[in-house]
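Remarks on the structure that follows.
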Amino acid sequence: MSVHLPAEIQSASVAALCGLLDALPDVQAWIKDARRRYLWVNRAFLLNYGMHQHDEVLGRTDDDLSPPHLASQFRQGDEAVLAGHSVQGRLELVGRFDHTAVWCFTTKRPVLNRRGRAIGTAGITRILDAAQIDQRGDIRLGMVIALMTRRLGESVGNAEMARAAGMSARAFERAFQREYGLSPQQYLRRLRIQHACRVLVDTRESIAAIAQRCGFADQSHLTRAFRLVTGMTPGAYREEYSPA
């Protein structure tokens with residue numbers, strides 16, 4: 001949807017909108033130029049990255065703020081938007097100041113000049129949790145997300161998830177794929193990787209023990225899945241992001 005405002009109120013309207021976004025505690029918001037440099041971010045964005053002043057982030061890119069495997073997915077989204085596509089409710093990992101990462105829903109739109117040419121991108125993202133899923137209006141799938149979260153270290157099959165949702169297995173799988181863009185097992189695997197990231201950084205627990213805690217058959221199984229999502233081995237991730 002395009003909104004056309006008189007020139008004399010455009011700057012005031014943008015300032016008002018940025019002020020509103022700055023007041024949202026659980027939604028990160030930003031504007032970037034076509035070279036992916038941050039032009040504006042809200043307070044939630046600053047706090048997520050452990051910053052306090054806008055000068056700490058303005059002019060920087062995701063390559064400066066995030067590890068390569070996260071910056072790469074952000075770049076792909078920006079390039080898609082600049083090419084004329086929209087990003088709506090995309091599930092992606094977003095890093096935090098403590099070197100952990102959380103799954104978020106991200107939406108991006110192009111910033112257009114008066115000629116309709118994309119000259120940048122604007123986006124918002126919010127952390128995914130079971131309560132937020134419930135608020136999306138699909139309580140049954142929200143119950144499945146909560147089930148996954150409670151039982152990250154256990155085997156949870158699609159049949160059990162479907163029962164929790166009160167749906168047939170086939171209907172559940174279709175609904176889940178449509179809502180999240182991933183199969184139930186792919187989504188569960190990503191939740192497990194997210195949890196493994198946190199445990200790797202926060203503890204000195206062995207990788208084999210973390211694999212068991214996070215529902216993987218063994219250390220090699222965790223390593224393969226972890227590398228697919230992050231581009232790193234668990235050991236390399238721990239070495240890179242654990243506090244000194």
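The values are calculated or read from the model by the stated rules, or taken from the named source; none is laboratory data. As the structure is a computational prediction, the values presented were derived from the model and not from experiment. Quick reminder, even Gly has a Cβ in these numbers, built from the backbone with ideal geometry, and neighbours come from all protein chains shown.
Please note which helices (runs of 4 or more DSSP H) are completely contained in the stretch 22-133 and include at least 3 residues that are surrounded by fewer than 16 Cβ atoms within 10 Å (Cβ to Cβ). Counting at least 3 such residues, we get 68-82. Being charged (D, E, K, R), surrounded by 15 or more Cβ atoms within 10 Å (Cβ to Cβ) and touching a Cys at 6+ places or on another chain (Cβ under 9 Å) holds for only one residue in R198, R192, R163, and it is R192. Selection of the stretch 29-62 for residues being without any contact (Cβ under 8 Å) to a residue 24 or more places away in the chain and of a type outside the set (A, V, I, L, M, F, W, C) yields Y38, R43, H52, Q53, H54, D55, E56, G59, R60. Looking at the stretch 208-230, is at least one residue over 21 Å from the mean Cα position of the chain (by Cα), part of a loop (DSSP other than H, G, I, E, B) and free of Cβ contacts under 8 Å to residues at least 12 places away in the same chain? Scanning the stretch 208-230 turns up at least one residue that is over 21 Å from the mean Cα position of the chain (by Cα), part of a loop (DSSP other than H, G, I, E, B) and free of Cβ contacts under 8 Å to residues at least 12 places away in the same chain. Restricted to the stretch 231-244, and to residues there that are surrounded by fewer than 17 Cβ atoms within 10 Å (Cβ to Cβ) and at negative phi, the residue that is farthest from the chain's Cα centre (by Cα) is A244. State whether the residues of the stretch 200-216 include one that is within 21 Å of H69 (Cα to Cα) and of a type outside the set (A, V, I, L, M, F, W, C). Scanning the stretch 200-216, I find at least one residue that is within 21 Å of H69 (Cα to Cα) and of a type outside the set (A, V, I, L, M, F, W, C), so the answer is yes. Pairing residues of the stretch 154-176 that are closer than 25 Å to R213 by Cβ with residues that are outside any helix (DSSP H, G or I) and among the polar types (S, T, N, Q), at Cβ distances under 9 Å and at least 6 apart in sequence or on separate chains, gives N158/S183; F176/S183. Taken over the stretch 177-207, the criterion of being over 23 Å from A162 (Cβ atoms), small (G, A, S) and touching a residue at least 12 places away in the same chain (Cβ under 8 Å) is satisfied by A196 alone. Of all the listed residues (T61, T121), the sole one being farther than 20 Å from L228 by Cβ, in contact with a helix residue (DSSP H, G or I) (Cβ under 6 Å, 6 or more places away or on another chain) and at pLDDT 80 or above is T121. Of the candidates G89, G84, the single residue that is under 24 Å from E179 (Cβ atoms), modelled with pLDDT under 90, outside the structural domain of I145 (by TED's automatic domain parsing) and among the small types (G, A, S) is G89.
Would you confirm whether or not the stretch 175-189 contains a residue that is within 23 Å of the chain's Cα centre (by Cα), farther than 30 Å from Q88 by Cβ and loosely packed, with under 13 Cβ neighbours inside 10 Å? Looking for residues that are within 23 Å of the chain's Cα centre (by Cα), farther than 30 Å from Q88 by Cβ and loosely packed, with under 13 Cβ neighbours inside 10 Å, one finds none in the stretch 175-189, hence no. The condition of being at pLDDT 90 or above and surrounded by 14 or more Cβ atoms within 10 Å (Cβ to Cβ) does not hold for G157.
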